[in-house]
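J.: Have a look at this one.
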């Protein structure tokens with residue numbers, strides 16, 4: 001299986017599947033309505049979440065997504081975040097990776113941008 005196929009983005013509210021590999025929450029804030037004991041999760045990687053300022057500016061406005069993606073990629077180059085991205089790449093290489101987010105529209109989320117970056 002190609003590396004890019006091993007990286008998936010899913011909502012935390014979806015049931016886990018056998019193809020998920022490592023399941024990593026990539027949101028800064030814990031998802032509403034889910035107890036920590038209920039979520040089938042390997043890690044919570046807050047370091048890769050967008051800054052609060054960027055997240056507030058974006059507000060999941062589809063028209064802002066291209067600029068959000070550009071700014072978020074720039075944030076992911078910061079040393080602490082770049083180290084966390086490298087860790088996620090290792091997880092993907094070791095058997096797959098599912099990036100979990102509570103965002104309603106995962107296709108225009110920070111998790112989608114992160115997945116594209118990891119696939120590159």
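What follows draws every value from the coordinates through simple rules; no lab data is involved. Since the model is a prediction, treat every value here as computed from it, not as a measurement. Quick reminder, even Gly has a Cβ in these numbers, built from the backbone with ideal geometry, and neighbours come from all protein chains shown.
J.: What Kirkwood hydrodynamic radius do you get for region 3-119 when you take the inverse of the mean 1/r over all pairs of distinct Cα atoms, in Å?
T.: With all distinct Cα pairs of region 3-119 included, I get 14.2 Å.
J.: So, in Å, what gap is there between the alpha-carbon centers of region 8-30 and region 41-102?
T.: If you average the Cα positions of each part, the centres end up 13 Å apart.
J.: Stretched out fully, how many nm does the piece from residue 87 to residue 104 gain, at 0.36 nm a residue minus the Cα gap?
T.: Taking residue 87 through residue 104 to full extension adds about 3.5 nm, to one decimal.
J.: Taking only Cα atoms and a 10 Å spring cutoff, compute GNM fluctuations for the chain and point out the largest among 82, 35, 92.
T.: 35
J.: Only Cα pairs under 8 Å and at least 6 apart count here; give the relative contact order of the chain as a rounded whole percent.
T.: That works out to 46 percent.
J.: Using 0.36 nm times the number of residues separating residue 75 and residue 40, minus their current alpha carbon distance, what extension gain do you get?
T.: 9.8 nm
J.: Ok, one more. In what order do 103, 98, 56 fall by count of nearby beta-carbon atoms within 10 Å, going from fewest to most?
T.: Values: 103 19, 98 26, 56 9.
Listing 103, 98, 56 from fewest to most nearby Cβ atoms yields 56, 103, 98.
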